[in-house]
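Report on the following structure.
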2 protein chains.
Amino acid sequence: MEEYDLIAIGTGSAMSVVEAFLALNPEAKVAVIDKDEPGGICLTRGCIPSKILLYSAEVAREVRRSKEFGINARIDGIDFRKIMERMRRIIGEDVKMIEEGLKNSPNIDYFREVAEFVEPYKLKVGDKVISSKRIIIGAGSKPLIPKIEGLEEAGYLTSDTLLKLEEMPESLAVIGGGYVAMEYGNFFAQLGCDVKIVEMADRILPNEELEVSKFVERKMREVAEIRTRSRVFKVEKRGDRKVLLVERDGKTEEIEAEEILVAVGRAPNSDILKPERGGIETERGWIKVNEYLETSLAGVYALGDAIGKHMFKHVANYEAKVVIYNAILGKKMKVDYRVVPHAVFTYPEVASVGLKEEEALEKFGKGNAFVGFFRLEETGKGIAMNEEGFVKLIVKRDGEILGCHIAAKNASILIQEVVLAMEHNLSVFDLAESMHIHPAQSEVVMWAASNLMSVDEYSKIKEEMVNA
Amino acid sequence: MEEYDLIAIGTGSAMSVVEAFLALNPEAKVAVIDKDEPGGICLTRGCIPSKILLYSAEVAREVRRSKEFGINARIDGIDFRKIMERMRRIIGEDVKMIEEGLKNSPNIDYFREVAEFVEPYKLKVGDKVISSKRIIIGAGSKPLIPKIEGLEEAGYLTSDTLLKLEEMPESLAVIGGGYVAMEYGNFFAQLGCDVKIVEMADRILPNEELEVSKFVERKMREVAEIRTRSRVFKVEKRGDRKVLLVERDGKTEEIEAEEILVAVGRAPNSDILKPERGGIETERGWIKVNEYLETSLAGVYALGDAIGKHMFKHVANYEAKVVIYNAILGKKMKVDYRVVPHAVFTYPEVASVGLKEEEALEKFGKGNAFVGFFRLEETGKGIAMNEEGFVKLIVKRDGEILGCHIAAKNASILIQEVVLAMEHNLSVFDLAESMHIHPAQSEVVMWAASNLMSVDEYSKIKEEMVNA
């Protein structure tokens, strides 16, 4: 049995910990295990490939509305194969580079195998058993596949397998309405595929603010069919078509498509990793960690999707930093999730950080929570771009920024000044007084910060947006 | 002679002062004078119309490169008239609204006339003489027309008159290479006009960092001809063509085009306003103000282009705030230009704030000034967008951010988190540790903040960029 100074399970963000460890311990022996291509989910089948694909969708959308701006352009064809191959080429190059790094490091034993705990500090890897007192679990997650009668038999795509597509299905039924469903729904729809989104909740993106969901829904309906409050209970294959049997308001509806995409959430990998056998506690399969990201087994840390918290790459990167401090440098750094932004690359783009309106009301009461709101279409640049969108800030009576929710082109860039403000306890007044280039898109953030109102006043605007 | 509680010259940012004054003094009598359409330069012939037009240019550019992303689009035609009419309709609606506001206010006498000082506190307006102890000068600026033999006879466009164009010239010679020249050069070139930029300095955008100039030049050369170190000394009209006679390295060259755009800078309006007669000092025609924005005549304040400092609308808005404090609220607020961002809406977009490398070196010495640098094409989103660009931070030894210079798509949005950081003395390390959404474009700012180097180390990168 081989003993290592460090074992890393997963080649995503756990690799930052490995690199830091080797920089400080150049003689150390490290085992790195990954059952899949190296690079982690983000690179190999998550945010990077999806954002490459989604950029093609954005370009298609821009071309389609170019007439509004006096540019009479026309799409002669969509080269789906080229779109997919551009993505696979970029990803492939990166994966190869990481693979070579792993294979050529004299300090690293790289196992492309399934890892499985056999007892505390001991892992079975292929036909070997290896051990270490210091283990980093960055084992990721996988698409959650709901138990639906006939689904397995009919066959389906996931966010993993769709990356291998060579041809675009002429129609696609998407089971789910969360961010993966909506991003890929947007991708296929913008390219001309007949997309039908089927969501069980009463709205898509149910984790976002209500008006964000409704606004994205309204815009997405221009290119896709969206059915909410719809539960798929059976899937049938009829010839070369697939049919979803859906229960909606007590009635059964049928949704037919060439292909199905299942995107209802993520599931842990604990069924194969078997952390419990290693004395590592889990909760619904996700690895349990304390505020130092240490598991129930001393010396074993976990990060990223594996802990089932904020499944975003930038959060995993941050958690890797915390693990480096605690597992490598012997510090006691607490993980802090107060300011964790995320984005959804639909059209329009969504970005969000901190508390939502309802959470703020619950925490601080109606008299203490305010809303700052402004529409992109009321700003100079918004008019120039002919784009709708909005910024909604959640603010405490004393000016503390509690949260921010944006639905607009470039939302993922717009939100960063709010993130920085929240991290450093700058107030909404600081944001309002910050000099913003005129006329640039960020003015909408400044105007939202300057346009504060009570939750009651805001409720009229909200109602308008929800019913638009 | 009518006596007013306040006289405002100009209907741009000076109007904010009028509004604040009337909010506090609902019985006051105010005179508002503007020889042009109301709304100020920004709205009527500056940033707003240009950004509306430039968005069409951006759309045209996106369409033209859509094949890179698998979208086989083609431009069948450019509807120049529609592009211009969209702009004129939007501006026209706003101007009309402002005009009605001015005409219908019971407190305001609105003069669409030339204002001219006749003595301190007294102005001739049309055939009237009016006076006030409190005067706000927001008289703007106008295109500077260089004295070139034959120019007047040949005829030319300026950033004012080009807004009236009905048809796109088939070719355009642009005299100047500053931001107005480059923005409109970009506009016409992206729409297919044969554009020739003629700049006297050895590079376009001479007020930007050298590598910014060079990068924009390289990219703009894909759509336009750029001649630097070229001095136009004569203009001739030959048939329906106009010919610039240009001196370059001691030789004479000819540049022929259907139309000429003169964009070499801005000039003050003092020749018609005659502030000196009112006891108001000027410097090369620009109104002199102290740090409270008061002119040499007590009670008379000036702001915006008229003072000839930072001729940007967002600066004028800020100056209006300072004037409100000092002229209306009786405070003593000093104007602070430490953190003044600006953008140039070329392709690629440019945004900049604070010190440039050379200024920092001069001020703090080589050992104390550092550069943070990162290329957009080395970030996930940059790869997805297939866009080149970069962020350059100028940093003091202790981490203080002295300046930031960006050339990249969306530069005007990207820079705002740096502006906020500088305003609140957050360090480059704060910027580097701020959680940035992955993979979104703002990561390039974070990576620049994480990638600090000495000026000497940076010089190699700079050389590479300048010679690319």
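The values are calculated or read from the model by the stated rules, or taken from the named source; none is laboratory data. Predicted model only: the values in this text are computed from it and were never measured. A quick note on method: Cβ atoms are made from the backbone with ideal geometry, for glycine too, and the neighbour counts reach across all protein chains shown.
Only a single criterion out of (1) in contact with a strand residue (DSSP E or B) (Cβ under 8 Å, 6 or more places away or on another chain); (2) among the basic types (Lys, Arg); (3) part of a loop (DSSP other than H, G, I, E, B) is not satisfied by residue B:334, namely (1). Close Cβ contacts (under 7 Å, 6 or more residues apart or on different chains) running from residues in the range A:350-361 that are more than 24 Å from residue A:388 (Cα to Cα) to residues that are at pLDDT 95 or above and among the aliphatic types (A, V, I, L, M) comprise A:360/A:369; A:360/A:394; A:360/A:402; A:361/A:369; A:361/A:455.
Each row is one residue, and each column tells you yes or no for (1) over 26 Å from residue A:245 (Cβ atoms); (2) free of Cβ contacts under 8 Å to residues at least 12 places away in the same chain; (3) in contact with a His (Cβ under 7 Å, 6 or more places away or on another chain).
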position: A:87; (1), (2), (3): yes, no, no
position: A:103; (1), (2), (3): yes, yes, no
position: A:129; (1), (2), (3): yes, no, no
position: A:133; (1), (2), (3): yes, no, no
position: A:156; (1), (2), (3): no, no, no
position: A:168; (1), (2), (3): no, no, no
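What residue, of B:237, B:242, B:251, is surrounded by fewer than 17 Cβ atoms within 10 Å (Cβ to Cβ), assigned by TED's automatic domain parsing to the domain that holds residue B:175 and touching a helix residue (DSSP H, G or I) at 6+ places or on another chain (Cβ under 6 Å)?
Details: B:242 fails: surrounded by fewer than 17 Cβ atoms within 10 Å (Cβ to Cβ); B:251 fails: touching a helix residue (DSSP H, G or I) at 6+ places or on another chain (Cβ under 6 Å).
Just one listed residue meets the conditions, B:237.
Any chance you could count how many residues in the range A:298-344 are outside the structural domain of residue A:40 (by TED's automatic domain parsing), closer than 20 Å to residue A:45 by Cβ and not aliphatic (A, V, I, L, M)? Adding up the residues that qualify gives 1. Against the list (1) under 25 Å from residue A:356 (Cα atoms); (2) assigned to a loop (DSSP other than H, G, I, E, B), the condition residue A:219 fails is (2). Within the range A:313-336, residues that are within 13 Å of residue A:12 (Cβ to Cβ) sit with their Cβ atoms under 6 Å from residues that are hydroxyl-bearing (Ser, Thr, Tyr), at 6+ positions apart or across chains, in these pairs: A:316/A:13; A:317/A:13; A:320/A:13; A:320/A:16; A:323/A:301. Taking the conditions exactly as written (farther than 26 Å from residue B:84 by Cβ, surrounded by fewer than 23 Cβ atoms within 10 Å (Cβ to Cβ) and modelled with pLDDT of 95 or more), does residue B:206 satisfy them or not? Yes: the conditions hold for residue B:206. Taking the stated definitions as given, is residue A:132 within 14 Å of chain B (Cβ to nearest Cβ), surrounded by 21 or more Cβ atoms within 10 Å (Cβ to Cβ) and among the small types (Gly, Ala, Ser)? When the stated conditions are applied, residue A:132 does not pass them.
Before we move on, is residue A:320 aliphatic (A, V, I, L, M), surrounded by fewer than 20 Cβ atoms within 10 Å (Cβ to Cβ) and not in a loop (DSSP other than H, G, I, E, B)?
On the way: aliphatic (A, V, I, L, M): yes; surrounded by fewer than 20 Cβ atoms within 10 Å (Cβ to Cβ): no; not in a loop (DSSP other than H, G, I, E, B): yes.
Answer is no for this residue.
In the range A:42-49 there is no residue matching the filter, namely being more than 23 Å from residue A:184 (Cβ to Cβ), hydroxyl-bearing (Ser, Thr, Tyr) and either touching a residue at least 12 places away in the same chain (Cβ under 8 Å) or crowded, with 16+ Cβ neighbours inside 10 Å (or both).
Just to be sure, is residue A:153 touching a Lys or Arg at 6+ places or on another chain (Cβ under 9 Å), part of a helix (DSSP H, G or I) and either in the same structural domain as residue A:279 (by TED's automatic domain parsing) or at pLDDT 95 or above (or both)? Don't jump to the end; show me each part of the working.
Details: touching a Lys or Arg at 6+ places or on another chain (Cβ under 9 Å): yes; part of a helix (DSSP H, G or I): yes; either in the same structural domain as residue A:279 (by TED's automatic domain parsing) or at pLDDT 95 or above (or both): yes.
Taking the combined requirement at face value, the residue satisfies it.
Would you call residue B:167 surrounded by fewer than 17 Cβ atoms within 10 Å (Cβ to Cβ), in the same structural domain as residue B:255 (by TED's automatic domain parsing) and not aromatic (Phe, Trp, Tyr)? Step through it out loud before you land on a result.
On the way: surrounded by fewer than 17 Cβ atoms within 10 Å (Cβ to Cβ): yes; in the same structural domain as residue B:255 (by TED's automatic domain parsing): yes; not aromatic (Phe, Trp, Tyr): yes.
The answer is yes for residue B:167.
So that you can scan it fast, the table gives a plain yes or no per residue for (1) within 11 Å of chain B (Cβ to nearest Cβ); (2) surrounded by fewer than 24 Cβ atoms within 10 Å (Cβ to Cβ); (3) among the acidic types (Asp, Glu); (4) touching a residue at least 40 places away in the same chain (Cβ under 8 Å):
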site	(1), (2), (3), (4)
A:413	yes, no, no, no
A:417	yes, no, yes, no
A:423	yes, yes, yes, yes
A:427	yes, yes, no, no
A:438	yes, no, no, yes
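Of the residues screened, residue A:195 is not one that is farther than 27 Å from residue A:56 by Cβ, crowded, with 21+ Cβ neighbours inside 10 Å and not assigned by TED's automatic domain parsing to the domain that holds residue A:355. The residues of the range A:51-88 that are more than 8 Å from every other protein chain (Cβ to nearest Cβ) and in contact with a Pro (Cβ under 7 Å, 6 or more places away or on another chain) amount to a single one, A:87.
If you go through the range A:31-50 and keep only what is of a type in the set (Gly, Ala, Ser) and facing chain B (nearest Cβ under 7 Å), you end up with nothing. Output the residue which, of all residues in the range B:254-283 that are within 22 Å of the chain's Cα centre (by Cα) and of a type in the set (Gly, Ala, Ser), is surrounded by the most Cβ atoms within 10 Å (Cβ to Cβ). Out of the qualifying residues, it is B:263. Checked against (1) within 14 Å of chain B (Cβ to nearest Cβ); (2) closer than 27 Å to residue B:344 by Cα, residue A:401 passes all but condition (2).
Scan the range A:5-27 and tell me whether some residue there is more than 30 Å from residue A:321 (Cβ to Cβ), crowded, with 23+ Cβ neighbours inside 10 Å, under 19 Å from the mean Cα position of the chain (by Cα) and among the polar types (S, T, N, Q).
Our first condition is that a residue be more than 30 Å from residue A:321 (Cβ to Cβ); within the range A:5-27, this holds for none.
Taking every residue of the range A:5-27 in turn, none turns out to be more than 30 Å from residue A:321 (Cβ to Cβ), crowded, with 23+ Cβ neighbours inside 10 Å, under 19 Å from the mean Cα position of the chain (by Cα) and among the polar types (S, T, N, Q).
This table checks each residue for (1) without any contact (Cβ under 8 Å) to a residue 24 or more places away in the chain; (2) more than 25 Å from residue A:402 (Cβ to Cβ); (3) assigned to a loop (DSSP other than H, G, I, E, B).
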position: A:162; (1), (2), (3): no, yes, no
position: A:177; (1), (2), (3): no, yes, yes
position: A:183; (1), (2), (3): no, yes, no
position: A:197; (1), (2), (3): no, yes, no
position: A:200; (1), (2), (3): no, yes, yes
position: A:204; (1), (2), (3): no, no, yes
position: A:208; (1), (2), (3): no, no, yes
position: A:215; (1), (2), (3): no, no, no
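Evaluated against (1) assigned to a loop (DSSP other than H, G, I, E, B); (2) surrounded by 18 or more Cβ atoms within 10 Å (Cβ to Cβ); (3) β-branched (Val, Ile, Thr), residue B:145 falls short on exactly one condition, (2). Residues of the range B:164-181 that are under 22 Å from residue B:44 (Cα atoms) and among the acidic types (Asp, Glu): B:166, B:167. Candidates are the residues of the range A:328-347 that are closer than 28 Å to residue A:22 by Cβ, more than 13 Å from chain B (Cβ to nearest Cβ) and in contact with a helix residue (DSSP H, G or I) (Cβ under 7 Å, 6 or more places away or on another chain); the one that is surrounded by the fewest Cβ atoms within 10 Å (Cβ to Cβ) is A:332.
Of everything listed in (1) under 20 Å from residue A:368 (Cβ atoms); (2) over 27 Å from the mean Cα position of the chain (by Cα), the single unmet condition for residue A:402 is (2).
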